[in-house]
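Down below is the structure, laid out as structure tokens.
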Amino acid sequence: MSQKQSPQTLAVKAAENAFRTAKPVSTPIYLSTTFHREQDGSYKHGFVYSRMQNPNRKILEEGIAQLEQGDRCLAFSSGMAAISAIFQALRPGDHVLLPDDVYYNIYALIKEVYAPWGLSYDLVDMSDNQAIEAALLPDTKLVWLETPSNPQLKISDITHISQVVKKNNPEALIAVDNTWPSPVLQLPLALGADISVHSTTKYFGGHSDVLSGAVVIKGQEELTNRMERIQILGGAVPSPFDSWLVSRGIQTLYTRVKAQTETAMQLARFLEQHPAIEKVNYPGLESHPQHEVAKRQMPNGYGAMLSVLVKGDAHRAIEVSNKLQLFTTATSLGGVESLVEHRKSVEGEDSPTPGNLLRISIGLEAFEDLRLDWEQGLGL
Ligand SMILES: *Cc1c(COP(=O)(O)O)cnc(C)c1O
């Protein structure tokens, strides 16, 4: 085109990428929603339109699939969107078995949204193997595990439960919410589960600045295809920037989680012997009722989440949490900053969480500083 172009056209061309062949070391963010089609009609790199797939999302999905030892990963715009997609893959009439202390938004999701759509469900103590077997129905198509559980840190034996479920209901799927341990500490798919699901908002992102989720599947090709259709057609996908932020977080995941876990273990031991504390829930402690199971299925450590029962009532627990200075009183977890939360007041009056329970997410601060903070916060 030799003809001089109009300013209107030049304006459009002004932002054209002149560096297609540059080789940046850190991954760029591909904001483009659409991709060049070749002359023969094909798409050279497989990218057509960003809801279907985007380079940042692809990098994220392939990275997580590898870390979780799964065959495929599908990324979503939040942990709840990922979880919702799993329920959507079921059919009306299917029965779901959930932990009686499941993450409370998952309970709300199935009760308020998916039960009216035709899923039925029961809640069971997922640390009680006999209760689980007794609760299986002929229509049970999904068994949901969350281990360690929130906020009581109960442990489910993934290997044993997977075997029992497959023996009774060969078609039933076992899904594990692996948000808390992350693949650094627990690999559900290697232990017998079919699906590992994440709120990547937490440890993967790691900096409390991005909302996203992921479903990782092992085998189960038909389910994978159906879930990919739900992802693409439902459209609850993470933005390129969100995908990029989580990928960036993953680069330091192992270093962060190992350090945070070490500090959590030390703080759990300190709080367990403190006279103002009634009980510490942490699977790394020998006093934890499923410590042996945890030791087997979390060989690299027990995570950076714990909860404590403060001696006294809810009022006293809230008072203690407000006195802490290095622990921000806020919900969520998995970031570099330590958080504390009075869980009962978040979950509501009908939640089974004790009123004197505080949930703690350990960050990357030094143990000694965190210990001194609890010492002054509990001050006798
Ligand atoms: C936060 C969380 C979720 C929900 O994830 P979002 O990213 O907030 O949608 C699900 N499960 C567990 C265990 C969580 O901690």
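The values are calculated or read from the model by the stated rules, or taken from the named source; none is laboratory data. The shown structure was predicted, so the numbers you read here are calculated from the model rather than taken from an experiment. Glycine gets a Cβ as well: all are built from the backbone with ideal geometry, and neighbour counts include every protein chain shown. With ligands, DNA and RNA removed, areas are computed over all heavy atoms of the protein, side chains included. Shrake-Rupley method; radii C 1.70, N 1.55, O 1.52, S 1.80 Å.
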If each part is reduced to its alpha-carbon centroid, the stretch 339-362 and the stretch 230-248 end up apart, in Å, by 30 Å
Report Rg (one decimal) and Dmax (nearest whole number) for the stretch 218-330, counting Cα atoms only, units Å.
-> 19.8, 55
May I have the convex hull volume per residue, in Å³, for the Cα set of the stretch 42-119?
-> 141 Å³
Based on DSSP H runs of at least 4 residues, each adding -39500 (n - 2.57), what is the mean residue ellipticity at 222 nm of the chain after dividing by all its residues, to the nearest 500 deg cm²/dmol?
-> -10500 deg cm²/dmol
Among 11, 108, 317, which one moves the most in a GNM of the chain with springs linking Cα atoms closer than 10 Å?
-> 11
Give the accessible surface of the stretch 174-263 per residue, rounded to a whole number of Å², with probe radius 1.4 Å and ligands, DNA and RNA excluded.
-> 35 Å²
In the structure shown, of 44/258; 4/44; 13/202; 154/202; 154/218; 141/279, the pairs separated by more than 30 angstrom at the C-alpha atoms are 44/258; 4/44; 13/202; 141/279
Karplus (6.51, -1.76, 1.60) ³J(HN,Hα), θ = phi - 60°, over the stretch 70-78, in Hz, Gly and Pro reported as x | x, 8, 9, 10, 10, 9, 10, 6, 6
Would you mind working out the accessible area per residue for the stretch 1-95, using a 1.4 Å probe, and quoting it in Å²?
-> 69 Å²
Rg over Rh [alpha-carbon atoms, Kirkwood Rh] for the chain = 1.03
Distance from the Cα centre of the stretch 1-59 to that of the stretch 265-329, in angstrom?
-> 51 Å
Highest-MSF residue in the chain out of 39, 53, 130 [GNM, Cα springs under 10 Å] | 39
Placing each pseudo-label 7 Å from Cα in the direction of the beta carbon, residue 325 and residue 49 end up separated by a distance in nanometres of 5.6 nm
Where the Cα pairs of the stretch 280-327 fall when distances are cut into 5 Å bins, in % | 4, 19, 20, 18, 13, 14, 10, 1
Please label the shape of the stretch 70-195 as rounded, prolate or oblate, based on the square roots a ≥ b ≥ c of the eigenvalues of the alpha-carbon gyration tensor (a/c under 1.5 means rounded; beyond that, a/b larger than b/c means prolate, else oblate).
-> rounded
On the accessible surface of the stretch 316-380, probed at 1.4 Å, how many percent belong to carbon and sulfur atoms?
-> 54 percent
Short version: what are the Cα gyration tensor semi-axes of the stretch 22-84, square root of 5 times each eigenvalue, largest first, in whole Å?
-> 24, 15, 13
Sulfur and carbon atoms: percent of accessible area, the stretch 231-315 [1.4 Å] = 54 percent
